[in-house]
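The values are calculated or read from the model by the stated rules, or taken from the named source; none is laboratory data. Treat the numbers as computed from the prediction; the structure is a model and nothing was measured. Don't worry about glycine lacking a Cβ; one is built from the backbone with ideal geometry, like all the others, and counts go over all protein chains shown. Calculation scope for accessible area: heavy atoms of the full protein, side chains included, ligands and nucleic acids excluded. Shrake-Rupley method; radii C 1.70, N 1.55, O 1.52, S 1.80 Å.
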Amino acid sequence: MKKLLLTAAILIVSAASLMGQARKPIIMVIPSDAYCIRKGFVTTYTDENGSERNSPDYSRAFLTDENLRLAISEMSNIMAQRGFPLKDLEQTLKSMENSETEASLLTGRGGGALAESPLDKIKKTAKADIIMDLDFDIKARGPRKFISFNLRGLDAYTNKVITSASGDGAPSSAVSVGILLEEAVLNHMDSFNALLQSHFDDMFANGREVTISIMMTENCPVMMYDEFEFLGEVVTLSDVIDYWMDENTVNHRFSRVNGGDYFIDYEQVRIPLFKTVLGKERSIDTRAFAMDLARMLNKEPFNLPYTINERGLGNVWIVLGD
């Protein structure tokens, strides 16, 4: 009987230990587009089609808006107290600026038009699972101040809203933006974080949702419906790609939404969050997952050259042909 009780106690302690070590999503807090536009923190970039687009200028916002820095710092503290690892936006921006400067010096290139939005570049650098999109405004009621806020949790790969919270804090004589924000959001954070964790748990169990497109250049030597001998059968290249998707997605979950002689589009592709490389578990993103498919198509009997074109953190094109 004592042995049974001891075994049960060990199992309970082990289970508690594993629960305590449960994986947490990596989160980054950013100011919302609405906040940046309202404050005039906007920059212009050129997209891949040569069109000019406006985007929040996060670097200028941090340099000139002390309230924003305090608000994001307070949100970081609130999340850290609940055990969620955070990526610091300001440090990520500095890392990006240093990398771009070094790259331009090495290649002899300077300036140049951006082919992706500043937020996409931040997401790729930070590799966060979830973006917390924060908008707030400091208001006065008599001699007291309060914060009106709108907070959204977004999947960094799909931009889908996971959860949101909004409201007004109680008027306070506190002068610190951090304290005003804490008073406003604190009652919402437990349920907000529970939904973020639930979304991450679903990703861990069922894979991260991404989009992958395979297309061919004009000089690609094959078409999607050309036949090859593969695993002892003669099948089309399109069937081979479908087979690879079925074998490598989590729980075989993916949707083929479009296809033709020279292209296939997949949505709701569930890719694993981690894979083992050289005996060590490493995180995997959309590019790494697509690269495995491209490498397979580069081998016998297909021998197809390829390039990988990232269209954002959760969207990749595999272009087959020279």
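If you go through segment 298-309 and keep only what is open to solvent by less than 60 Å² (accessible area, probe 1.4 Å) and closer than 21 Å to K121 by Cα, you end up with I308, N309.
What number of residues within segment 271-297 are surrounded by 10 or more Cβ atoms within 10 Å (Cβ to Cβ) and without any contact (Cβ under 8 Å) to a residue 24 or more places away in the chain?
First pass over segment 271-297, keeping only residues surrounded by 10 or more Cβ atoms within 10 Å (Cβ to Cβ): 271-275, 277, 281-297.
Now restrict to residues that are without any contact (Cβ under 8 Å) to a residue 24 or more places away in the chain: 274-275, 277, 281-282, 284, 288, 291, 295.
Selection size over segment 271-297: 9.
Residues that are under 22 Å from the mean Cα position of the chain (by Cα), part of a loop (DSSP other than H, G, I, E, B) and aliphatic (A, V, I, L, M) were ranked within segment 274-322; the one that is nearest to G232 (Cα to Cα) is I284. Being open to solvent by 40 Å² or more (accessible area, probe 1.4 Å) and in contact with a strand residue (DSSP E or B) (Cβ under 6 Å, 6 or more places away or on another chain) is the filter; apply it to segment 184-208 and report the residue that is farthest from K139 (Cα to Cα). Going through the qualifying residues, I end up with H199. When T276, T249 are screened for being under 19 Å from D201 (Cα atoms) and of a type in the set (V, I, T), only T249 passes.
Quick grid of which residues meet (1) at pLDDT below 75; (2) over 19 Å from the mean Cα position of the chain (by Cα):
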residue: S14; (1), (2): yes, yes
residue: D33; (1), (2): no, no
residue: E74; (1), (2): no, yes
residue: T92; (1), (2): no, no
residue: L105; (1), (2): yes, yes
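Summed over segment 124-177, the residues that are assigned to a loop (DSSP other than H, G, I, E, B), open to solvent by 60 Å² or more (accessible area, probe 1.4 Å) and in contact with a Ser or Thr (Cβ under 8 Å, 6 or more places away or on another chain) give a count of 2.
Take F228 and tell me if it is free of Cβ contacts under 8 Å to residues at least 40 places away in the same chain, touching a Pro at 6+ places or on another chain (Cβ under 6 Å), open to solvent by less than 40 Å² (accessible area, probe 1.4 Å) and among the aromatic types (F, W, Y). Spelling it out, it is not the case that F228 is free of Cβ contacts under 8 Å to residues at least 40 places away in the same chain, touching a Pro at 6+ places or on another chain (Cβ under 6 Å), open to solvent by less than 40 Å² (accessible area, probe 1.4 Å) and among the aromatic types (F, W, Y).
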